[in-house]
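Following: one structure in structure tokens, then a few remarks.
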């Protein structure tokens, strides 16, 4: 798909707010804010939302970047609530939720906004996400567009579980996807607000997948625009294997499935997923990784707590208005661990 460049008068350019949620990220802000400030899009506001940092992040921005608007949350509200709180104070046609550990190129905004302006049913987009420390490789957090399998396991064009592919242009087509990365998430503000924003119970991890799932249920589309490229450090807040990250990923995935699957599927898929989670927990324990074992069991207990006491606060499911895109109907762990298929194309080639 070819994007034809449009020339807007400055007065008619859609307004864009790049919002960086920061928590003790002085190092990343100092390193990566210069690239964000060099963005070539004209109708742009750059905002740093500080999530109760204990370092000197706010003081640094006030001194070095007086043009940046700072919004302060009193405590660390996590990704989900932190953004929900902040975005209520932001007026723009489009929000761009950008991690603090991301380097951008000057023309990273324009191609995405042009696509979204061409189709009002596009609710969210992401750029191509490459690894900052090896810019030939896709980055874990979203690579070139998120997919999901029939049992809720997320993967991406360019990343399956822990295997990231080299970028050789194999995914350089503008494509409809299931979910867009939260590391650099373009979202139409009106839709984000009308759909209720992020589910704050998630705190962090997979809230962007839940959001995109709800958007698709409401009849909207999610896209990747590879012409826009950003470079992500990854693991800046919680590194891979961290017990909190493991806990949140397993708990939130079960919550997301319960919220979004049709009831007839949820009745058998969720117990099946819990069984697979238990296998992962015991595999971790037998290999000497007691942290994973404990974190998964804790995730299951907290999922039950949500199910019985907090489910009603997560909102009802939208009436499904269109077929979901970016769904692999099989079980990706079977392809990956049993059939040894390690790339996106190997897995989906026969079941697109």
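Checked against the criterion of being farther than 24 Å from residue 94 by Cβ and in the same structural domain as residue 134 (by TED's automatic domain parsing), the candidates 170, 176 yield just one match: 170. Assess whether residue 320 counts as being surrounded by 13 or more Cβ atoms within 10 Å (Cβ to Cβ) and modelled with pLDDT of 95 or more. So residue 320 fails the test. Might you check whether a residue that is out of contact with any helix residue (DSSP H, G or I) (no Cβ under 6 Å at 6 or more places or on another chain), crowded, with 19+ Cβ neighbours inside 10 Å and assigned to a loop (DSSP other than H, G, I, E, B) occurs anywhere in region 101-115? The answer is yes; a qualifying residue exists.
The helices (runs of 4 or more DSSP H) falling completely within region 239-352 include none with 3 or more residues that are in the same structural domain as residue 195 (by TED's automatic domain parsing) and free of Cβ contacts under 8 Å to residues at least 12 places away in the same chain.
Scanning region 52-61 for residues that are surrounded by 13 or more Cβ atoms within 10 Å (Cβ to Cβ) and at negative phi yields 53, 55, 57, 58, 60, 61.
Here is the figure for region 78-108: residues that are more than 18 Å from residue 190 (Cβ to Cβ) and touching a residue at least 60 places away in the same chain (Cβ under 8 Å) total 16.
The values are calculated or read from the model by the stated rules, or taken from the named source; none is laboratory data. All values reported here derive from a predicted model rather than from experimental measurement. Counting neighbours? That spans all protein chains shown, and the Cβs are built from the backbone with ideal geometry, glycine included.
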